[in-house]
Amino acid sequence: MSGTAAAPTSHNGPAKASDTATADLTGPTREDASSAAKQTFGPVFARNGLIEATPAIISILVVLGCFAFLSRLVLGSAISRESDPSGLVQTALGTLASILTTVIHYWLSARATPTPAEQMTASQQSGQSASLAMLMDTVRDNAQQNNALVKSMAAPHIAAAQATPAATSMAAITVPAAKVPPRPPIAAPAAVAPLPAVPASATATIATALFKSCMAVVLREEGGFVDNTADPGGATNMGITLRTLSAWRHAPTSVEDVQNLSVDEAERIYRANYWNAMRCDSLPAGVDLMVFDFGVNAGPEESIRSLQRAAGVTADGMFGPETLAA
């Protein structure tokens, strides 16, 4: 793949390191595969195939030999008219019948005797049956133990229920008859006074408390002053970058200004640019923190889009009545 040709191997001297590497990369040769096949399958054929085929070969040779001998005897007797071959033919037929009977009896007995593979399969099946029987016995014993444990635990409750007198049952409880006094007339309900309106100062106090609690989480996560040259944001303090501080103050600022940034000014920046921009005051507690914190990291519009996707409304990045209702 690299485009360089492998160096040719030498047939007159020892193999070089490059030749060895080339041989390793190209894989085993045809001679290696042939020798491996002979080493793998040769003993199997020699040991199993020949041994298993030996009885069949002998049987076939014996039967063919008998038929050849009988044919030769019959044909030779038919050509020779001077001798009476009937006795010899009968003897040959009897011998052939005995040989065929012996061969058939051998094959029938061989089929009746299980092979080593069949014996191994039967042994494995018997072992599996014994293991299954032991497993069933174990499951049965565990079930009996569990039943006995449940009965022992339920016995006190059953005894307590049986010891309860029958008088406490609902059927045995009798209520003495009594005269029910007449029900007084129902008076018209009085007008319900409306709830007092929550003062605006209390609402502002609650909103400020929610903002302060969320602001504490953001400040803890953002950390203090950092001036990392590898950071594209440059000098940052409490998550406020040099560019954000310059835009907030509408004037160029320096690294020292970012380093000397106060917590109060950072909170005012966060409240104006993020908290109010994403209308976190209108969100439930918990959701306001998620939207606020994600807006600090990804931007207000992206945070609102994520909120809209979660609420199942159009993700346009604008927090309106539809998003608030959803």
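The values are calculated or read from the model by the stated rules, or taken from the named source; none is laboratory data. Bear in mind that the values here come from a model prediction, so they are computed numbers and not experimental data. Every residue, glycine among them, receives a Cβ derived from its backbone with ideal geometry; neighbour counts consider all protein chains shown. The accessibility values were calculated without ligands, DNA or RNA, using every heavy atom of the protein model including side chains. Shrake-Rupley method; radii C 1.70, N 1.55, O 1.52, S 1.80 Å.
Things to note:
- Unique match (being at pLDDT 70 or above, open to solvent by 50 Å² or more (accessible area, probe 1.4 Å) and among the hydrophobic types (A, V, I, L, M, F, W, C)) among 50, 93: 93
- Residue 111 passes every criterion in (1) under 60 Å from the mean Cα position of the chain (by Cα); (2) at pLDDT 70 or above apart from (2).
- Residue match in region 282-293 (condition: surrounded by fewer than 14 Cβ atoms within 10 Å (Cβ to Cβ), modelled with pLDDT of 90 or more and of a type in the set (Ser, Thr, Tyr)): no
- Criterion: in contact with an Asp or Glu (Cβ under 6 Å, 6 or more places away or on another chain) and modelled with pLDDT under 85 - qualifying residue of 207, 235: 207
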